[in-house]
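Note sheet for the following structure.
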Amino acid sequence: MLGERADGVTYSETADYWEAPINARSSLVFTPWIESANDIDRGQRGEAVVGVKRLIFRDGGTALAMQAGVFWKSEPGEGCSEGGVELRFLGGMSSPSGDRFVNVELAGRALEGGCGGEKLDVTVGYHPTPHWMGLGQIFVDSPMGGDESVKTQLTLVHFGDTPGHGVQIGVRARLDSGDAEPAVVLAFWG
């Protein structure tokens, strides 16, 4: 993702999501994130979670899961450690035809020294053909001792002939401030 802050500083974000099955109900998850910009002390900052996700319930088009893991943050705030824990609840529903879906994720994070916060991610999707999917997303990040951010993202995903492989492109903007700080989103699915 590439965007511009209200003060004119250009920034980029790189995120990844890796999930490896352990068994039919559990998987290992790794989610690193890096932001680069001139207004960050060291030029970049990052976060990462390594955890285990466990399916709690599945029935037709409804699924619930819980994820627990260790959390690392490069700039945790004064008096707080870089390492901590994250607990995440995930829930999703799809239409009987499977072409429409909603996914909600709620995470709580805690770092030694009293830092942490909550995150809420909501995704609504429409998958009308095997090759196209549209996504509308809202991301709320509420760190303890920091500024809350609310961002929205609208993207299209085009899948090729290889199942699960695609290219996602779209836009992201802030909803919580006077300046939208627009960004271009480019992602690869595999």
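The values are calculated or read from the model by the stated rules, or taken from the named source; none is laboratory data. It should be emphasised that the depicted structure is a prediction, and the values quoted were computed from it without experimental measurement. Glycine gets a Cβ as well: all are built from the backbone with ideal geometry, and neighbour counts include every protein chain shown. Only protein heavy atoms, including side chains, enter the accessible area calculation; ligands, DNA and RNA are left aside. Shrake-Rupley method; radii C 1.70, N 1.55, O 1.52, S 1.80 Å.
What the table below lists for this structure:
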| item | result |
| --- | --- |
| Between the stretch 160-190 and the stretch 73-110, the alpha-carbon center distance in angstrom | 18 Å |
| Portion, in percent, of the accessible area of the stretch 97-161 that falls on carbon or sulfur, probe 1.4 Å | 60 percent |
| Within-10-Å neighbourhood charge of Asp7 [Cβ basis; K, R +1; D, E -1] | -3 |
| Residues whose placed amide H lies under 5 Å from that of Met144, excluding near-sequence neighbours | Gly116, Gly117, Glu118 |
| Integer Hz, Karplus 6.51/-1.76/1.60 couplings in order for the stretch 114-128, x for Gly and Pro | x, 8, x, x, 10, 9, 9, 10, 10, 10, 10, x, 9, 10, x |
| Over the stretch 1-70: Kirkwood hydrodynamic radius from C-alpha pairwise inverse distances, Å | 14.4 Å |
| Spin-label pair Ser149/Phe57, simplified geometry with 7 Å Cα→Cβ offset, distance in nm | 3.3 nm |
| Among (1) 5; (2) 19; (3) 27, the entry that matches percent of Cα pairs over 31 Å apart as calculated here | (2) |
| Heavy-atom surface of the chain, accessible at 1.4 Å and reported per residue (Å²) | 59 Å² |
| 11 Å beta-carbon shell around Gln153, net charge (K/R +1, D/E -1) | +2 |
| Accessible heavy-atom area order of Met66, Met1, Met133, highest first, probe of 1.4 Å | Met66, Met1, Met133 |
| The stretch 95-190: projected area of the alpha-carbon convex hull, averaged over directions, in nm² | 7.7 nm² |
| 9 Å beta-carbon shell around Asp176, net charge (K/R +1, D/E -1) | 0 |
